[in-house]
Amino acid sequence: MRKKIIYYAVFFFAVVGLAAGIVLFFERAGNIKAATFGWLQTDWSGGASTTAFANHANDQSGWNKFYSKSANVDTSGGEVKLSVVAATTTYTTDTDFNAFTLDQAYVSGGAVYAKKPDGGSCSSNGQCINNWCNANVCTNPWLIGPCSGIGVYYQDSGTAQWKTSDTACDTPQCGQNGGQDGDTLVADNTVDFSTYPARNTCKTLGGRLPTTAELQCVHTNKTIYDDFGVFQSGAYYWSNKENSITYAYDPYFSTIFNAGTMTYKTSSNYIRCVKTQ
């Protein structure tokens, strides 16, 4: 008679009230036999035990112990549930509230307020939806004036390079590939302008760099647009127009307006953003 050796392996899986077990028989001679059985546990009131183990023949139902659990798991009443931890946090200061990201809200005197629409009274820019408090009134920062079709951002946005390298402006940032006179940065704010700092500044504000014609119109009407003293006299302002591989147009603002000035794209000039209305 050929001798056979039988190997037994028992597997138990417990998942909050559901379990299954399998016994596998392996015959060295090559023949395989198998059997299955079920195991169901719905009561966990027996508590944790590292010494008591269920027997697959006798404890397929009615077993109520488990090996271990996390401290925040509650097995009282035979159920398995997360323990409820009661806690209260109180915020009362501007520092507390400003630790969070504010969306259309501002903090003052230990309280949170909704930002105010245009026309609302204000004492700071941060209280206004459009982020401009002008003479204690929330106002749209895009000034509408005689330069038809555009709003002009109410303040200079500092200085920046036209491009981070003196190289050609290609698509999709410009209309054509290769540095050439008259090519312009596109108005599409879905385009990546990370290497075009001046244009990227206007993108962040929801606008764009102006054309040389728009800059000339703004200069002609600067007494209307400059009620807030924000134009720099004797300064160069970036336009959206490329001149060559290395240069871009930066019209000169003073008592005169010179639309033909140009400089290296890596130079830092003033930024005046506009927005098509």
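At a glance:
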item: Residue in segment 194-205 that is farther than 27 Å from D226 by Cβ, out of contact with any helix residue (DSSP H, G or I) (no Cβ under 7 Å at 6 or more places or on another chain) and surrounded by fewer than 19 Cβ atoms within 10 Å (Cβ to Cβ) present; result: yes
item: All strands (runs of 3 or more DSSP E) inside segment 105-219 with 3 or more residues being out of contact with any Lys or Arg (no Cβ under 8 Å at 6 or more places or on another chain); result: 111-114
item: Single match in V84, V137, V107, V73 (criterion: touching a helix residue (DSSP H, G or I) at 6+ places or on another chain (Cβ under 6 Å) and of a type in the set (V, I, T)); result: V107
item: Residues of segment 161-193 satisfying the condition of being small (G, A, S) and surrounded by fewer than 20 Cβ atoms within 10 Å (Cβ to Cβ); result: S165, A168, G175, G178, G182, A187
item: Options F97, F66; residue that is surrounded by 13 or more Cβ atoms within 10 Å (Cβ to Cβ), within 27 Å of N136 (Cβ to Cβ), out of contact with any Pro (no Cβ under 8 Å at 6 or more places or on another chain) and not small (G, A, S); result: F97
item: In segment 245-263, the residues that are loosely packed, with under 13 Cβ neighbours inside 10 Å and hydrophobic (A, V, I, L, M, F, W, C); result: I256
item: Answer from S124, S148, S157 - the residue that is of a type outside the set (D, E), in the same structural domain as T220 (by TED's automatic domain parsing) and loosely packed, with under 14 Cβ neighbours inside 10 Å; result: S148
item: Residues located in segment 154-193, provided they are closer than 18 Å to Y264 by Cα, under 26 Å from the mean Cα position of the chain (by Cα) and among the hydroxyl-bearing types (S, T, Y); result: T159, T164
item: Subset of segment 220-232 [polar (S, T, N, Q) and in a loop (DSSP other than H, G, I, E, B)]; result: N221, Q232
item: Selection count, segment 110-127, where residues are more than 16 Å from A99 (Cα to Cα) and among the hydrophobic types (A, V, I, L, M, F, W, C); result: 2
item: Subset tally (residues that are aromatic (F, W, Y) and closer than 21 Å to T263 by Cβ) for segment 148-186; result: 1
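So that you can scan it fast, the table gives a plain yes or no per residue for (1) at pLDDT 85 or above; (2) more than 23 Å from the chain's Cα centre (by Cα); (3) not β-branched (V, I, T):
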site	(1), (2), (3)
T51	yes, yes, no
N55	no, yes, yes
G62	no, yes, yes
N72	no, yes, yes
D94	no, yes, yes
G120	yes, yes, yes
Q127	yes, no, yes
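The values are calculated or read from the model by the stated rules, or taken from the named source; none is laboratory data. What you see is a predicted model, and the numbers here were worked out from it, not measured in a lab. Glycine gets a Cβ as well: all are built from the backbone with ideal geometry, and neighbour counts include every protein chain shown.
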